[in-house]
Amino acid sequence: SELIRGFLLSGMPCPSSCPPGLLALMAPGLALMATFSLSSQAGDRRALPVEKPPGVKGRTLILLDVNTKSPVRIISENFLSLQLDPSIIHDGWLDFLSPERAAPAVEGAWPRLLAGTGHRSPGMPLHAPPRGSRGALPFPKDPGVVPHIVRSDIALDKQKGCKIAQHPDIMLELQREKAAQMHLVLLKEQFSNTYSNLTLTARSLDKLYNFADCSGLHLIFALNALRRNPNNSWNSSNALSLLKYSASKKYNISWELGNEPNNYRTLIGRSVNGSQLGKDYIQLRSLLQLIRTYSRANLYGPNIGRPRKNVIALLEGFMKVAGSTVDAVTWQHYYIDGRVAKVTDFLKTRLLDTLSDQIRKIQKVVNTYTPGKKIWLEGVGATSAGGMNNLSDSYAAGFLWLNTLGLLASQGINVVVRHSFLDHGHNHLVDQNFNPLPDYWLSLLYKRLIGPKVLAIHVAGLQRKPRPGRVIRDKLRIYAHCTSYHNHNYVRGSITLYIINLHRSRKKIKLAGTLRDKIVHQYLLQPYGKDGLHSKSVQLNGQPLAMVDDGTLPELKPRPLRAGRTLVIPPLTMSFYVVKNVNALACRYR
C-alpha cells in the first residue's frame, strides 16, 4: 500500500468551485484581472510622527542601503512552494479538480511549486519542472495512513484532451457538506495520532496525473515507507507495482520515500534508524534505475521532523549511507502547537528566531557529508495539529510566514513548501469557500515581486546596545532581493525590500547609498475590518483585497512614492517596496 503524501503543482490546484483566478498565485500578469481604484486615503502623503528607537538619542531615522554589486545567495526559481493536503482524496475534493480551471493561471506563469501533505499520508506531491516560463513547487508529506494502489475496474479511461466535466452547484454543495463532516473525523485522528487506511485507486492516480499534466505540473510521489520486512528493511513489493503501473502509463514522476521517519515508532510500533533509512533509499534508487522510465528520476528525502537531538542523529545516519542518493535533503518545521497558540505568540521575536537555529543544525549535518547538497524545507506552517481558527489563518500568522521566507532565502535554503493551500485544518491559504486568506495575498505579492537573488542590507540606527545579560532581538526585520525578472512592470536592475514591523509604533526608514533618490512603489498589507490582527481579510495600500468575481483576481496596484521620500512603516504591518531603476549590477542579468 502506498501512502499519499501530497501534490506539487506549478499552479494552484482547485476544485471546480475554486475560482480560476486563485490559481494565479505564481503568475505575473494574467488577462483575468480587474482594476481597483485606490481611495484618496491610500495616497495620503503626510509625514507621520515616528517614535525614536529606545537608547538612540536624537536619531529619528533608520538608514538603509543594499549591496547591489553581487548577491549573497541565489535560491531556486521554485523557492516558494505550496502544499495541497492529500485529505482531498479522502474527503472527495480530488473528483472536483479541474485542469480547465488551472490552465488559465498556469499559462505564462513563472516557476513555482505547489506541495501537498498531511498527517494522513506520506503521499504525493506535484512539481512543475523549470522549463521556459513554467515551474513548480513540492508537496511535503506526513506518515500516517496507508493508502493502497488498486488496479480496479474503474480505472480512468484515457481522456480526450484535457477537458473535465463541470459539476452542478448541488454536487458542490453536497461535497462541501461531506468535506465538513470529514474535517471532524480527520481532526479526531490527528489529535489521537491514529490514522485510518486510505485507498488510492488507479482511477485516482490517473485523475491526479491527468490534472497535473494538463495543468503543466510535475508530480512527486512519496512511497509508503511503513511497510517493513521482519528484519525491519523496507518492503518494496507494493512500490514496485506502483512504479511499473506508472511507467506503463509513461507518467513523468519524481519520488520520495516516507515522511517524518522519526515518528515511525508511534505509527507502526517500531523505529527505523538513519542507517536503515539510508539503505531503504538506496534500494528505491536501485528500483528506479531498473525501470527505464525512471532511471534518471529525481529522489528527495528523508523529510525528517523538527531537528531535535534524536532527529539529528537519524539524519546523520541517513547522510552517511545515502546522502549522495537524494537530489535534495528535506525536513519540516511548525512553529507552535496549534492547540495552545495565542495571537501574541505570532509577535514574539524569540519564536521567529527558532527557525534560524534549525537551519544551522540541518546545514551542519548536510555539509559534513555532502557539501553543497540542496536543502528543502518541505513542510512549514505557523502551527501544528491542523492550526487554530482565527489564528493560523489570520493576518497575525503572516509575520511568521514572511519572516520564514526571508530567513530561508538569506540562509540558502533552496525551496520552501508551505502547508497548505487547502486542507481540513486552519493553516491553509484559502478557506473552504475558496476565498483567499491573508497568507494567500502575502504569498501572491512575494511571487510577483521577489526574484531568486538575495542581497545584503546595511542598516544604521536599528540596533541598540543590550543591557547586561539580555539579548536584543530585532522587531523590525528587513530583507532585500532583486525584483522578479518575470514582473514586466519593473526593468531589470530594480530591487525589492520586504519589511516586517513588530513594533507598536511607526518606524521611519531613509534609503541611502545606491537607493537614494529613487522612485519607490509601496505595497503595504494591513488587516482589514474590526478584528485587527485576528482578521481574515487584508487591505493593500488602504484598499480591501477580494476576488473581483469567482474567476478574477484584483489588480495588486502599488502606491508610488516620490523620489527621496522617507518610508514610513506603520506598527504591526508587513510591506513590500520596489525601488525602481536602481540599475543594480547584481540584478541586471538572470
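Filter the cross-link list Lys250/Lys536; Lys373/Lys536; Lys69/Lys508 down to pairs whose alpha-carbon distance in this structure exceeds 32 Å. Don't skip to the answer; put the middle values down first.
Working: Lys250/Lys536 43 Å; Lys373/Lys536 38 Å; Lys69/Lys508 26 Å.
In this structure, Lys250/Lys536; Lys373/Lys536 exceed 32 Å between Cα atoms.
With a cap of 11 neighbouring Cβ atoms within 10 Å, and only residues DSSP puts in a loop, list the chymotrypsin sites (Phe, Trp or Tyr not before Pro) found in the range 534-590.
Tyr589
For the range 524-572, treating each Cα as an identical point scatterer without solvent, what Debye log10 I(q)/I(0) comes out at q = 0.15 1/Å?
-0.52
Given the pairs Lys475/Lys507; Lys447/Lys518; Lys207/Lys249; Lys348/Lys475; Lys309/Lys374; Lys320/Lys361, which span a C-alpha to C-alpha distance of over 19 angstrom in this model?
Pairs exceeding the cut-off: Lys447/Lys518; Lys309/Lys374.
For the peptides 530-536, 300-306, what is the packing order when you average, over each peptide's residues, the other Cβ atoms within 10 Å and list the highest mean first?
By packing density, highest mean first, the sequence is 300-306, 530-536.
Once Rh for the range 212-359 is found with the Kirkwood sum over Cα pairs, what is the Stokes-Einstein diffusion coefficient at 25 °C and 0.890 mPa s, in µm²/s?
Translational D for this selection: 145 µm²/s.
Highest mean first, what order results for 281-287, 201-207, 487-493 on Cβ atoms within 10 Å?
Details: 281-287: 18.6, 201-207: 20.3, 487-493: 16.0.
Highest-to-lowest ranking by the protection proxy: 201-207, 281-287, 487-493.
For the range 471-590, what is the per residue volume of the convex hull drawn over the alpha-carbon atoms, in cubic angstrom?
Hull volume over Cα atoms, normalised by residue count, gives 142 Å³.
The numbers here are math on the coordinates, done by the rules we state, and not lab data. Since this is a predicted model, take the numbers as computed values, not measurements. For neighbour counting, all protein chains shown are included, and Cβ atoms are generated from backbone atoms with ideal geometry for every residue, glycine included.
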